[in-house]
Every structure is written in C-alpha cells, then in structure tokens.
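Contents: one structure, followed by commentary.
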Amino acid sequence: MAEMTKDMYGAIGRVGNKTYYQRGGKTISRIITTPKNPKTEEQSLQRVLLKAVINGYSKLKEICNHSFEDYDNGFACMNRFKKVNMMYLREHATTLQHTGQGLDGFNQFAPLQSEKWTPFAAIISEGHLPEVTVGISAEEGHVAYVSVPGRTYADFVAAWNLQRGDLVTFVTVQKRDGKYEVCIARLVLDPRNADGSGAPMTTEIVDSDGGFPCSNKRNELNFSTFEFTGDRFNFVLGRGGDVVAVGIIISREDEMGNWFRSNCQLVLNEAAFGPDLCSLAKAVNYSYKTPDIDMESELYLNNAEGGK
C-alpha cells in the first residue's frame, strides 16, 4: 500500500496491476497480485476428490438433500454430505499413502478433464436407526441383494430390528448402455387392505406371481427385479441394468412429526464398471501431468479402448 503523488490525487479504480482508492483525503494504491496455480500433485488430489463429492451430490441430490438426521433439508444437508464425504475420502487416501499401499486400488474417480461420472462409496445418509447391510452379486448378473429370512412384512421388520410403519428406501446406481443412472424405490412396512385399513404383518410383500398385493400410492415400487431366493432377496430398479452401487436407507416419523434416518454408505460393485474403472492414482496423475489434454476426444492417441 502506498500514498500517491500529486498527479494521481483523486484517482479511483484499476490501472494495470494497481488499484486506486480514496481514504482520509489521500489517494492510496495497492498492487494486484494474481495467485499462482502450480497444479501440484497434492492440489490435483484435492481437486479430484472434491470433484467426486460435488458430482456425487449432484446425482444423488433427490435423496441426499434431506437424508441427514438433525440437519435441515436443502443447504444444510448438502454441506453435511460434502463434509462427511470429503473427510472419508481424505482419511482413506491418507491411510493408504502412509501405509505404503498407494492409491492404485482406491477406485471410482475421474481426471479433472473428464466429463464422465462414476459413483464412489458415498455416505448418503446419517442417523441412529438400525443400519441395513446390503451387497451386490457380480456372479448372478450384477444384482443387489439383502438378507431376509422370509417374504412377509414381519420378516423384514424382524430381520433389521425395525417397526411397523418404517420406510425402506432402496438406492441404486445402475449401468445401462455405458451410462450411470440413479434409481430409487420405497417400501412402507405397513401393509394395507384394499379399503386402506391395516393388513396383518404376515402379509407377503411379493406374492407367488411376483406382484405386490399391498402396493399403494405410499410406495414407489419401481423394481425391474424383486425376487426371493432362499434367505435373501435380489433386486434391480427402474429399467434394469447392472447394479454398480447400492444402499438402503431406513426412515421413521415419530408422533411429533420428526424424521429419523439410518446410516448408509454406498456399496460398490467394481466388476460392473468395466473400462470406466479408474483409480485415484491414475486420476491424479492425469490431472497433474496432462492438464491440457482432452482424454475423452476420439483423437486422443491412447484412446484405443474408448477412453479411461
């Protein structure tokens, strides 16, 4: 900061790399400095992780803008999603680096220049309700599954220590025609008769013909596959496709109108990603070493298999 000579008295605004303003009857100047962006490897790591979190929230916003218990809908939940997922990614990456394992096995990331989105193991809800363990079977057609001892509403309640009236929200990311689609289905553990009255909990969720005898407007039963096999059931949502990520969120409303959630972190099925499988190490290396190359272009010489 410097005081100006007489010929600059009264100057206001920017000239070149200096800006002028008035204070206390004096003309003051400041030199404008442009921060350097060396694009170090550490900076590239941070940006790749941030990109994954921002894109993840954008794709999962329909659920994640209200899925964090004790946080208001919208902006507060968005910030919570970003905070917990950046913390998870940073801590996991740091642990891998410090133990000498490296970032080659930490997958589902994309270089900064890439327009592709693939899901990572995002934390999509938080709360104190029972957590449901879910998986994906790559050997059986990339379908999601969850363990349940039977096919009635009561079986679901008993398996997960729930109660009548709880909501079960199925969230999947499915790969169809090379693209990734977020799909959602909801089941209310409160069977109803045709007249709307409460049905017994022994009612089957899916009958022998594959139908939902107690389906109503409270449920969003957009399953393309929902079948019981022994002590578990398999499911695929929407229009079908290979399930690459899955999670189940439990919700409950109390007498005061307060909503509670379960913890849920997406489970990944890396076998279904194919050539889209990209490690954090590769994403950072491309972002750091080749910042001006469009690797999605068909003219990119290494793009023999459609890009990575």
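The values are calculated or read from the model by the stated rules, or taken from the named source; none is laboratory data. Keep in mind that what you see is a predicted model, and the values were worked out from it rather than measured. Here the Cβ is made from the backbone with ideal geometry for all residues, glycine too, and neighbour counts use every protein chain on show. Each accessible area value is taken on the protein alone, full model and side chains, heavy atoms only, with ligands, DNA and RNA left out. Shrake-Rupley method; radii C 1.70, N 1.55, O 1.52, S 1.80 Å.
Kindly indicate whether any position in the stretch 114-121 is at pLDDT below 95 and farther than 20 Å from ALA245 by Cα. Looking for residues that are at pLDDT below 95 and farther than 20 Å from ALA245 by Cα, one finds at least one in the stretch 114-121, hence yes.
Check the stretch 47-60 and report whether any residue there is open to solvent by 60 Å² or more (accessible area, probe 1.4 Å) and not in a helix (DSSP H, G or I). No, the stretch 47-60 has no match at all. Meeting the requirement of 1 or more residues that are of a type outside the set (A, V, I, L, M, F, W, C) and over 30 Å from GLU227 (Cβ atoms), no strands (runs of 3 or more DSSP E) wholly within the stretch 75-155 can be named.
TYR180: open to solvent by 20 Å² or more (accessible area, probe 1.4 Å), more than 26 Å from HIS128 (Cβ to Cβ) and not in a loop (DSSP other than H, G, I, E, B), yes or no? Answer is yes for this residue. Of all residues in the stretch 78-122, those satisfying the criterion of being of a type in the set (Gly, Ala, Ser) and surrounded by fewer than 16 Cβ atoms within 10 Å (Cβ to Cβ) are GLY100, GLY102, GLY105.
Here the stretch 103-140 is the region considered, the condition is being in contact with a Leu (Cβ under 7 Å, 6 or more places away or on another chain) and aliphatic (A, V, I, L, M), and the residue that is nearest to VAL157 (Cα to Cα) is ILE124. Might you let me know whether the stretch 222-235 holds any residue that is outside any loop (DSSP other than H, G, I, E, B) and within 20 Å of the chain's Cα centre (by Cα)? So far as the stretch 222-235 goes, yes, one or more of its residues are outside any loop (DSSP other than H, G, I, E, B) and within 20 Å of the chain's Cα centre (by Cα).
Condition check for CYS278 on (1) closer than 15 Å to GLY56 by Cβ; (2) of a type outside the set (Gly, Ala, Ser); (3) open to solvent by 20 Å² or more (accessible area, probe 1.4 Å): one failure, at (3).
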